[in-house]
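The values are calculated or read from the model by the stated rules, or taken from the named source; none is laboratory data. Keep in mind the model is a prediction, meaning the values are calculated, not measured. When we count neighbours, we look across all protein chains shown, and the Cβ atoms used for this are built from the backbone with ideal geometry, even at glycine. Heavy atoms of the whole protein, side chains included, go into the accessibility calculation; ligands, DNA and RNA do not. Shrake-Rupley method; radii C 1.70, N 1.55, O 1.52, S 1.80 Å.
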Amino acid sequence: PGIMAYLSPVEHNWFMVDFKNIRIRPTNYTLRHDAGPTNMNHLRNWQLQGNNEGYGDWITLIDHKDDESLKEPDGTQTWTLPNIKRFYRYFRVKLTGVGSNGGWYICCSGFEIYGEIKREGDDGGAK
């Protein structure tokens, strides 16, 4: 089992990943539900967003509405991100509605992102 991360139930809860000096043009991403023995608090309504400042306006890369892909303890799912043209330093998962138990919980034990990478300063770097 992986590490379990539970965020307190706050409306429009989110978590962010900072790739520091790496920029990613994402093509796919994976989430893994909590590794605990319960079968609760599955994400249903959320967005994956990208940004290069870590604050301000975020770009929605994919919007999940009533998505039941994560329904098992320790379950994983990978989604395709079509036609993303930009590179991003920051990615966040932001709740847009309640989960399977009717609350604003984020229970996650894995986040992976796939795509083309560029290091800060590479020719043609992220804009």
Contacts under 7 angstrom Cβ, first residue in segment 38-60 being more than 19 Å from Pro26 (Cβ to Cβ), partner part of a strand (DSSP E or B), 6 or more apart: Asn41/Cys107; His42/His33; Asn45/His64; Asn45/Leu95
Tally of residues being out of contact with any Phe, Trp or Tyr (no Cβ under 7 Å at 6 or more places or on another chain), modelled with pLDDT under 80 and assigned to a loop (DSSP other than H, G, I, E, B) across segment 1-33: 5
Every residue from segment 71-81 that is under 21 Å from Phe19 (Cβ atoms) and either surrounded by 17 or more Cβ atoms within 10 Å (Cβ to Cβ) or in contact (Cβ under 8 Å) with a residue 60 or more places away in the chain (or both): Leu81
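Results for (1) in a strand (DSSP E or B); (2) open to solvent by 80 Å² or more (accessible area, probe 1.4 Å); (3) in contact with a Ser or Thr (Cβ under 6 Å, 6 or more places away or on another chain), shown as yes or no for each residue.
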site	(1), (2), (3)
Ser69	no, no, no
Asn83	no, yes, no
Val93	yes, no, no
Val98	no, no, no
Ser109	yes, no, no
Tyr114	yes, yes, yes
Any chance Thr60 is at pLDDT 95 or above, surrounded by fewer than 13 Cβ atoms within 10 Å (Cβ to Cβ) and β-branched (Val, Ile, Thr): yes
